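**Student:** Structure in structure tokens, see below.
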Amino acid sequence: MNDYVCIGVPYYLGKTVPERREVEALRECGIADELQAEWKGIEPDFAAAADPVVAVNRALAAAIQAQAPKIPVVFANDCTSCLGMVKGLEAQAPAILWYDSHGDFNTPETTPSGFLGGMPLAALVGRGNQHLMRGVNLAPVAEADVIVTDVRNLDPEEGIMLHESDVTIYERLDALKAAALPDRPLYIHFDTDVVDCAEMPAMSYPEPGGPSLNDCIASLKHVMEGGKVVGILFSLWNDTLEGGAEAKSATLQLIRALI
């Protein structure tokens, strides 16, 4: 059994949303005990940062570093927490395996919506929103060190930029399973919306046609067994939407793949 620490990040784009209780729901159900892990919270210093997303990511990075060498299992309400995750794991220089139905590869110049949650992977590799990267004192990750799987919704300019980048893209989990995993430390970023929305409801941006829950569980087990995993982040469902209880149950099944 791996030596884990569970870390909750109950913020949405740097803000507290009282009705969003997904992180607390996971804590209350005892998933940390199942992983034989402690549960830790974070304490952002919002007064010390001009951007609340920076404050949250600084606190996450500090929590990960304080618990080293334990493997952080992070539960977050959006994908921007990847910045603090990578900063917290910075000493290990991990490659990134990104499960997501969306590319998260927009920049302020390419996004049709302006939604920051659709931009964090681009920021990680040095494209757009570098004020967030500077805020956590994080250098960009090389695109060649990133693997993306099962992306099925890309905005037009985002898609061009992603496919012209050095990021490795697998359209399906089968291709990921057939490929060699990086022979180096690995950070798994798992957005639960990668699962087909028929089995993972209560997604803010649902995308049909994705892999089944069982296929995702099998993929996580494959990576955990064959890769040098040093951190895992789960980006969670939206409990204000219909199907929250079903999404919680499905997410717990995914987390249990780590055992």
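**Student:** Just the residues that are under 22 Å from GLY117 (Cβ atoms) and of a type in the set (S, T, N, Q), please, taken from the stretch 28-63.
**Tutor:** First pass over the stretch 28-63, keeping only residues under 22 Å from GLY117 (Cβ atoms): 41-42, 44, 46, 49-61, 63.
Once the filter is applied, which keeps residues that are under 22 Å from GLY117 (Cβ atoms) and of a type in the set (S, T, N, Q), the stretch 28-63 yields only ASN57.
**Student:** For the condition surrounded by fewer than 22 Cβ atoms within 10 Å (Cβ to Cβ), touching a helix residue (DSSP H, G or I) at 6+ places or on another chain (Cβ under 9 Å) and without any contact (Cβ under 8 Å) to a residue 40 or more places away in the chain, what is the one hit in GLY135, GLY128, GLY117?
**Tutor:** After ruling out the rest, the residue left standing is GLY128.
**Student:** Looking at ALA59, ALA47, ALA66, can you tell me which residue is modelled with pLDDT of 95 or more, surrounded by 15 or more Cβ atoms within 10 Å (Cβ to Cβ) and at negative phi?
**Tutor:** Answer to the check: ALA59.
**Student:** Continuing with the same structure: SER219 versus (1) in a helix (DSSP H, G or I); (2) surrounded by fewer than 20 Cβ atoms within 10 Å (Cβ to Cβ): which is the lone unmet condition?
**Tutor:** Every condition holds for SER219 apart from (2).
**Student:** Within the stretch 194-206, can one find any residue that is under 25 Å from ALA144 (Cα atoms), in contact with a Ser or Thr (Cβ under 6 Å, 6 or more places away or on another chain) and part of a helix (DSSP H, G or I)?
**Tutor:** yes
**Student:** Would you confirm whether any residue within the stretch 184-194 is within 20 Å of ILE7 (Cα to Cα), surrounded by fewer than 18 Cβ atoms within 10 Å (Cβ to Cβ) and basic (Lys, Arg)?
**Tutor:** Checked against the condition, which is being within 20 Å of ILE7 (Cα to Cα), surrounded by fewer than 18 Cβ atoms within 10 Å (Cβ to Cβ) and basic (Lys, Arg), the stretch 184-194 yields no hits at all.
**Student:** Identify the residue in the stretch 225-243 that is free of Cβ contacts under 8 Å to residues at least 60 places away in the same chain and not basic (Lys, Arg) and, among all such residues, is surrounded by the most Cβ atoms within 10 Å (Cβ to Cβ).
**Tutor:** GLY243
**Student:** Please give the helices (runs of 4 or more DSSP H) falling wholly within the stretch 71-189 in which 2 or more residues are on the phi < 0 side of the Ramachandran plot and within 12 Å of the chain's Cα centre (by Cα).
**Tutor:** Because the criterion is at least 2 residues that are on the phi < 0 side of the Ramachandran plot and within 12 Å of the chain's Cα centre (by Cα), the helices (runs of 4 or more DSSP H) in the stretch 71-189 that meet it are 82-88, 120-124.
The values are calculated or read from the model by the stated rules, or taken from the named source; none is laboratory data. On a predicted model such as this, the values are computed, not experimentally measured, just so you know. Cβ sites come from the backbone with ideal geometry, for glycine too, and all protein chains shown count toward neighbours.
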